[in-house]
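Written out below as structure tokens is the structure these notes cover.
Please treat every number below as a calculation from the coordinates, not as lab data. From a predicted model like this one, the values you see are computed outputs, not experimental measurements. Note that each Cβ is placed from the backbone with ideal geometry, even for glycine, and that neighbours are counted across all protein chains shown.
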Amino acid sequence: MSSPKLEATIETTAPPAKVWQIVSDLPRMGEWSPQCRKSFFLGGEIGEGSLAININRKGFLVWPTRSRVVTFTPNEKVAFKVLDNNTVWSYTLEPTQTGTRIIERREAPKGTTKVSQFLVKTVLGGNDDFEKELIEGMNLTLERIKAEAEK
């Protein structure tokens with residue numbers, strides 16, 4: 001069963017190359033995301049195939065996830081798959097006449113894992129509340145990325 005695509009969008013006056021410097025610096029994701037607090041990448045330079053260990057937090061709950069970069073197209077798109085729940089998170093950059101449109105998505109075309117579904121239902125407040133929080137977090141993440149890009 002697939003999960004709905006979650007999406008948030010924001011526009012910035014910064015050019016795509018400047019926004020790319022921020023969204024492609026995945027170890028800094030904890031500075032932008034209210035849920036993903038730290039990301040530790042294994043190996044050298046980040047690109048397609050790079051593996052990370054992430055530390056997530058919601059209130060007093062803290063949990064690790066593993067992710068792999070699945071798309072790394074400079075100045076256009078970066079995406080990573082969370083191996084523990086089958087979701088794919090992405091940042092797509094679209095040039096505009098005045099800067100860049102940033103689109104953050106969370107997709108699960110094959111659905112999430114049974115373990116993830118159980119944890120969301122029993123520990124993280126249920127699917128509807130959890131997805132609402134994810135969208136709120138995506139919007140906050142994009143606001144923080146925009147602020148950094150426009151410095």
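For the reader, a short list of remarks on this structure follows.
- For the chain, a simple Cβ point-charge model (Lys and Arg +1, Asp and Glu -1, everything else neutral) yields a dipole of about 440 debye relative to the Cα centre.
- From the Kirkwood radius over Cα pairs of the chain, Stokes-Einstein at 25 °C and 0.890 mPa s returns a whole-number translational diffusion coefficient of 156 µm²/s.
- Stretch in the chain that is longest and holds no GluC sites (Glu not before Pro) that DSSP places in a loop and that have at most 15 other beta carbons within 10 Å: 77-149
- Filter on Lys5/Lys81; Lys58/Lys151; Lys38/Lys110; Lys77/Lys132 - keep pairs with C-alpha separation over 21 Å: Lys58/Lys151; Lys38/Lys110; Lys77/Lys132
- A Förster radius of 22 Å, combined with the Cβ-Cβ distance separating Phe130 from Leu42, puts the computed FRET efficiency at roughly 0.20.
- Taken over the range 2-44, the ratio of Cα radius of gyration to 2.2 N^0.38 Å equals 1.43.
- Candidates Gly30, Gly99, Gly59, ranked by Gaussian network fluctuation over the chain, Cα under 10 Å, top entry: Gly59
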